[in-house]
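Chemist: Have a look at the structure that comes next, please.
The values are calculated or read from the model by the stated rules, or taken from the named source; none is laboratory data. Keep in mind the model is a prediction, meaning the values are calculated, not measured. No Cβ is skipped: glycine too gets one built from the backbone with ideal geometry, and neighbour counts run over all protein chains shown.
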């Protein structure tokens, strides 16, 4: 009888040890996952929309929320009103943010430009965007532009493509523009105009092409 009790006691102790070991493994696994999620990382374009901050919004959404956006159209009869201004200012804000750094880090590493000068240029450019002409002038290199300004404009055009392709949907859906479906519809047209600035003319005359 005593032998049977001892055997039962040993089995119970073995079961308790196994349960404790499983708890430790599970706890360690959760700790590793929490550490990975907490570590800073560069957001890739494909994961941008799903990577959110602790308050449920991405860093770019919070940045856009801090800066007042032009209303896409106070008059629904003209749904494209201020579209160029809104897109231009959004691209400039993106270019001046840390989200753009991975795409232009090579220029900083080679000391072709400085991050401070580029950010200052983008912030000034954002305030000057008032229509197609002022927006277009930011990525078309003029004859009297110095070498640094020429690089800034080339990078602005490149980052404009990046923003339209990978970040604009998030900006449209979560931003303050009114005619979201119209903005989504014109993404492709805006991208083609940035890639071919010579055809970037008035929105009513040429933007439907």
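Chemist: Could you check residue 81 against (1) farther than 17 Å from residue 197 by Cβ; (2) crowded, with 16+ Cβ neighbours inside 10 Å; (3) under 23 Å from the mean Cα position of the chain (by Cα) and say which number it fails?
Modeler: (3)
Chemist: Might you check whether a residue that is under 19 Å from the mean Cα position of the chain (by Cα), more than 26 Å from residue 101 (Cβ to Cβ) and at pLDDT 90 or above occurs anywhere in the stretch 189-208? Step through it out loud before you land on a result.
Modeler: Of the stretch 189-208, the ones under 19 Å from the mean Cα position of the chain (by Cα) are 190-191, 194.
Cutting the leftovers down to more than 26 Å from residue 101 (Cβ to Cβ) gives us none.
For the stretch 189-208, residues under 19 Å from the mean Cα position of the chain (by Cα), more than 26 Å from residue 101 (Cβ to Cβ) and at pLDDT 90 or above: absent.
Chemist: I'm trying to understand the selection: among the residues of the stretch 109-125, which are at pLDDT below 95 and crowded, with 19+ Cβ neighbours inside 10 Å?
Modeler: Across the stretch 109-125, the qualifying residue is only 125.
Chemist: Among what's in the stretch 126-150 and is assigned to a loop (DSSP other than H, G, I, E, B) and under 24 Å from residue 168 (Cα atoms), pick the residue that is modelled with the lowest pLDDT. Quick ask: steps written out before the conclusion?
Modeler: The first filter runs over the stretch 126-150 and keeps only residues assigned to a loop (DSSP other than H, G, I, E, B), leaving 129-131, 137-146.
This time we only want the ones that are under 24 Å from residue 168 (Cα atoms), so: 129-131, 137-140.
Working: 129: 94, 130: 94, 131: 91, 137: 92, 138: 93, 139: 88, 140: 91.
Step by step, filter the stretch 126-150, then rank; the result is 139.
Chemist: Out of 130, 125, I need the residue that is touching a helix residue (DSSP H, G or I) at 6+ places or on another chain (Cβ under 6 Å) and either without any contact (Cβ under 8 Å) to a residue 60 or more places away in the chain or under 22 Å from residue 86 (Cβ atoms) (or both). Which one?
Modeler: On the way: 130 fails: touching a helix residue (DSSP H, G or I) at 6+ places or on another chain (Cβ under 6 Å).
Every option except 125 fails the conditions.
Chemist: Exactly one condition in (1) in a helix (DSSP H, G or I); (2) exposed (fewer than 13 other Cβ atoms within 10 Å of the Cβ); (3) in contact with a helix residue (DSSP H, G or I) (Cβ under 9 Å, 6 or more places away or on another chain) is not met by residue 198; state its number.
Modeler: (3)
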